1. Test of understanding: among 348, 307, which residue is under 22 Å from residue 90 (Cα atoms), in contact with a strand residue (DSSP E or B) (Cβ under 9 Å, 6 or more places away or on another chain), modelled with pLDDT of 95 or more and outside the structural domain of residue 88 (by TED's automatic domain parsing)?
2. Examine region 256-270 for a residue that is within 25 Å of residue 158 (Cβ to Cβ), in contact (Cβ under 8 Å) with a residue 60 or more places away in the chain, part of a helix (DSSP H, G or I) and out of contact with any helix residue (DSSP H, G or I) (no Cβ under 9 Å at 6 or more places or on another chain), and state whether such a residue exists.
3. Within the group 162, 132, 171, 166, which residue is without any contact (Cβ under 8 Å) to a residue 40 or more places away in the chain and either closer than 27 Å to residue 270 by Cα or not assigned by TED's automatic domain parsing to the domain that holds residue 35 (or both)?
4. If you go through region 112-130 one residue at a time, do you hit one that is out of contact with any strand residue (DSSP E or B) (no Cβ under 8 Å at 6 or more places or on another chain), farther than 28 Å from residue 308 by Cα and crowded, with 20+ Cβ neighbours inside 10 Å?
5. Going by the structure shown, is residue 147 within 19 Å of residue 50 (Cα to Cα) and under 14 Å from the mean Cα position of the chain (by Cα)?
6. Being modelled with pLDDT of 60 or more and either assigned to a strand (DSSP E or B) or more than 23 Å from residue 186 (Cα to Cα) (or both) is the requirement here; does residue 48 meet it?
């Protein structure tokens, strides 16, 4: 259950975002994402989506993970605020947000033709277009994501996020052997759909095709607006619990699946706390445990085998380890600083550190070369300027 402090923090974050947005509009439009259109051959229609780039995107040449958000026209602004707050707090890495706007969410998010509501009543009119999620997933995987990858610097780590019927689509994508997504956040999903069709899908899934993926699932349990049919919503909660249990019973690692049960949230309010907790879970371990006690080989192996190899060892941690070795083993420090320069070729600080270890190793020429590169990357780096002058005089 989310404690009151965390709920307060999430609400404050959202209020701050809305406040900043209002202030900005008093002078000029406050734009955080751009609208785009794509003509889909698979869906035979034009689709609209929003792309938001990280703040550092234009200042670096690095690649970023991709987060695909369903129900973009409803969820984009609030979810973007949470993501950016967590990024600034270094809880998660910067990422490219791709928010997909709806045309027919019943058609696109549901796996089967099913003409019955959650409470058992007829839904012939509301569900008449249902059953198109496999085609919509093909659109995302075969048309939309390739377009994004062509136009933006994405890395190999992708997360899919959705709520309600969108959460059902997230579950189906997780179980699909064709998906390129690595992580999934399914928020109070409609796993009741078609007599818990998702459970049948899970029963048929080969564990080997999903064992490297991460899956976060949330459920809400506040039904003050549904007093006459609470048993109906309990059926949906039971489907969440059954999915989680079945997944673990199949041998799926408990460290890669999590179910959060929010008793004080309803189907609408559960979204933001689910996104916050879900992203924390997905990116747990992004900084290797005991990294400062590990060898360079162990660190490199860890980052090659986790998160689909999308993230290099964090620059700050590797730099700190290198400086620790400056006191005891200059050659080991050299290896760590070289690793940072390779992984972060536009970092002036990485070259500054490498210049320092070469200076201590009395390799004057290489020290100057690296300090000069640091200064080229950041002409305000006074330390590099001073060290270049000092080394050229000696």
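1. Numbers: 348 fails: in contact with a strand residue (DSSP E or B) (Cβ under 9 Å, 6 or more places away or on another chain).
Answer to the selection: 307.
2. Here is the first cut: in region 256-270, the residues within 25 Å of residue 158 (Cβ to Cβ) are 256-260, 270.
If we keep only those that are in contact (Cβ under 8 Å) with a residue 60 or more places away in the chain as well, we get 260, 270.
Next, only the ones that are part of a helix (DSSP H, G or I) stay: 270.
Remaining after also requiring out of contact with any helix residue (DSSP H, G or I) (no Cβ under 9 Å at 6 or more places or on another chain): 270.
Checked region 256-270: at least one residue is within 25 Å of residue 158 (Cβ to Cβ), in contact (Cβ under 8 Å) with a residue 60 or more places away in the chain, part of a helix (DSSP H, G or I) and out of contact with any helix residue (DSSP H, G or I) (no Cβ under 9 Å at 6 or more places or on another chain).
3. Values: 162 fails: without any contact (Cβ under 8 Å) to a residue 40 or more places away in the chain; 171 fails: without any contact (Cβ under 8 Å) to a residue 40 or more places away in the chain; 166 fails: without any contact (Cβ under 8 Å) to a residue 40 or more places away in the chain.
Of 162, 132, 171, 166, the one residue that is without any contact (Cβ under 8 Å) to a residue 40 or more places away in the chain and either closer than 27 Å to residue 270 by Cα or not assigned by TED's automatic domain parsing to the domain that holds residue 35 (or both) is 132.
4. Initial filter on region 112-130 (out of contact with any strand residue (DSSP E or B) (no Cβ under 8 Å at 6 or more places or on another chain)): 112-114, 117-121, 124-126, 128-130.
Add one more test, that the residue is farther than 28 Å from residue 308 by Cα, and what stays is 112-114, 117-121, 124-126, 128-130.
Now narrow it down to the ones that are crowded, with 20+ Cβ neighbours inside 10 Å: 130.
The answer is yes; a qualifying residue exists.
5. Values: within 19 Å of residue 50 (Cα to Cα): yes; under 14 Å from the mean Cα position of the chain (by Cα): no.
Here the answer is no, as residue 147 does not meet what is asked.
6. Details: modelled with pLDDT of 60 or more: yes; either assigned to a strand (DSSP E or B) or more than 23 Å from residue 186 (Cα to Cα) (or both): yes.
Spelling it out, residue 48 is indeed modelled with pLDDT of 60 or more and either assigned to a strand (DSSP E or B) or more than 23 Å from residue 186 (Cα to Cα) (or both).
The values are calculated or read from the model by the stated rules, or taken from the named source; none is laboratory data. The structure presented is a predicted model; accordingly, all values stated were derived computationally and were not measured. Cβ coordinates were reconstructed from backbone atoms using ideal geometry, including for glycine residues, and neighbour counts include every protein chain displayed.
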